[in-house]
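For reference, the structure discussed in these notes is given below.
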Amino acid sequence: MTDEDHKFYFENGMVLHDVFANHTRQNLKLTENLLEVTLTARDFWVKISGEPDKINRAKEFFRELAEAYKIRKQHLDQNDFEQVLRAFRNNTAGDLQELLAERIKVGPKKRDIVPRSRAQMDYLRSIRQHDIVFGIGPAGTGKTYLAMAMAVSELLQGHYVRIILTRPAKEAGENLGFLPGSLEEKIMPYLRPLYDALYDMVDFDEAAGLIERNVIEVAPLAFMRGRTLNNAFVILDEAQNTTPEQMLMFLTRLGFDSQCVITGDPLQTDLPDRQDSGLSHAVKILKDIPEIGICRFSSSDVVRHMLVEKIINAYHQGN
């Protein structure tokens, strides 16, 4: 093998910079650790040193990066880069192009949202096929975020006239009655994650206008009682903290031309000891209804910092 055979050439220096998510040195180090090679980047090429089979594997990795960049039509962010790393680690690189092609268009000034695992892609497809979908799994697997992306996309395409985001105001070890402020001020911290996801997909001023006109409504679950939700995309987040009675109340709110996604992690309930979770109860009794989608995620689907997956696995092993 000649010295030239050890190099992978990108189209130009800007492409090399873009495929490494603008963090070339940091991500070269991540790649070295994963693929067990030594890398040196210069101009528009990367020199690969190591055993022949590992050099070839590294070249395949760089080909996947270049293809991901081509499909994205914009620089890769850190999540994109780590997704390619995960695909190689899990021997699922063949799925990568399919995932990247399954993008969700959100606000005109925002990046398209792309599923980052096979489970996420199946989840999106289930949302497109069913009026009611349960997304179940640990934190960081994109359950709520992807549901929000689908809701925003569907609203902007005119398929629904409003989005309703709700979650139970059930807190870990605290009591709302002891917190200062009005009811609205007390419940705001529990709804903040929904707002955070929304602002990732729609400009702040546009989102504020939609909320002000009640096109997007963010409210605690208790506010859903007695309502019928027509022509709406509805998301119930943190559903593990509902009781079976609350879950039944929510499910029977669904009206004509509406869709709902219910997300949660049964292992992180904040309900009192021995109280059944409405999420676990609903999945058990509704599992045989074909019109309802039930999608499960595992720690391998975590799309936050790469350490989060290791933390979740460590805690599970510790139990």
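There is at least one residue in region 141-157 that is in a loop (DSSP other than H, G, I, E, B), without any contact (Cβ under 8 Å) to a residue 24 or more places away in the chain and polar (S, T, N, Q). Restricting R128, R111 to residues that are of a type in the set (D, E, K, R), more than 12 Å from the chain's Cα centre (by Cα) and outside any loop (DSSP other than H, G, I, E, B) narrows the list to R128. Residues that are among the polar types (S, T, N, Q) and out of contact with any strand residue (DSSP E or B) (no Cβ under 9 Å at 6 or more places or on another chain) within region 232-279 comprise T243, Q246, T252, Q268, T269, Q275, listed in sequence order.
Could you look through region 19-37, keep only residues that are part of a loop (DSSP other than H, G, I, E, B) and free of Cβ contacts under 8 Å to residues at least 24 places away in the same chain, and pick out the one that is surrounded by the most Cβ atoms within 10 Å (Cβ to Cβ)?
We begin by selecting, within region 19-37, every residue part of a loop (DSSP other than H, G, I, E, B); these are 20-23, 36-37.
Filter once more, keeping what is free of Cβ contacts under 8 Å to residues at least 24 places away in the same chain: 36-37.
Working: E36: 12, V37: 21.
Among those that are part of a loop (DSSP other than H, G, I, E, B) and free of Cβ contacts under 8 Å to residues at least 24 places away in the same chain, it is V37.
If you go through region 52-73 and pick out every residue that is of a type in the set (S, T, N, Q) and under 22 Å from the mean Cα position of the chain (by Cα), you end up with 0.
How many residues does region 44-66 hold that are open to solvent by 60 Å² or more (accessible area, probe 1.4 Å) and out of contact with any Leu (no Cβ under 8 Å at 6 or more places or on another chain)? Break it down into steps so the answer makes sense when it comes.
Restricting attention to region 44-66, the residues satisfying the condition of being open to solvent by 60 Å² or more (accessible area, probe 1.4 Å) are 44, 47, 51-53, 56-57, 60, 63.
Now drop any that are not out of contact with any Leu (no Cβ under 8 Å at 6 or more places or on another chain), which leaves 51-53, 56, 60, 63.
Selection size over region 44-66: 6.
Of the residues making up region 67-82, those that are in a helix (DSSP H, G or I) and surrounded by fewer than 18 Cβ atoms within 10 Å (Cβ to Cβ) are E67, K70, I71, Q78, N79.
Quick test for you: out of R125, R227, R192, R167, pick the one residue that is more than 25 Å from L99 (Cβ to Cβ), at pLDDT 90 or above and out of contact with any Ser or Thr (no Cβ under 6 Å at 6 or more places or on another chain). If you could, list the steps in order and put the result at the bottom.
Values: R125 fails: more than 25 Å from L99 (Cβ to Cβ); R192 fails: at pLDDT 90 or above; R167 fails: at pLDDT 90 or above.
Just one listed residue meets the conditions, R227.
All told, Y9 meets the bar of being open to solvent by 30 Å² or more (accessible area, probe 1.4 Å), closer than 23 Å to Q97 by Cβ and over 27 Å from the mean Cα position of the chain (by Cα). Pick from region 136-167 the residues that are charged (D, E, K, R) and out of contact with any Pro (no Cβ under 8 Å at 6 or more places or on another chain): which of them is least open to solvent (accessible area, probe 1.4 Å)? Going through the qualifying residues, I end up with K143.
The residues of region 106-135 that are buried (at least 22 other Cβ atoms within 10 Å of the Cβ), of a type outside the set (G, A, S) and either out of contact with any strand residue (DSSP E or B) (no Cβ under 8 Å at 6 or more places or on another chain) or under 20 Å from A282 (Cβ atoms) (or both), listed by number, are P115, R116, Q120, Y123, I127, V133, F134.
At pLDDT 85 or above and part of a loop (DSSP other than H, G, I, E, B), is that true of V46? Answer is no for this residue.
The values are calculated or read from the model by the stated rules, or taken from the named source; none is laboratory data. Values in this document were obtained by computation on a predicted structure and should not be read as measured data. For neighbour counting, all protein chains shown are included, and Cβ atoms are generated from backbone atoms with ideal geometry for every residue, glycine included. What goes into the accessible areas is simple: the full protein's heavy atoms, side chains included, and nothing from ligands, DNA or RNA. Shrake-Rupley method; radii C 1.70, N 1.55, O 1.52, S 1.80 Å.
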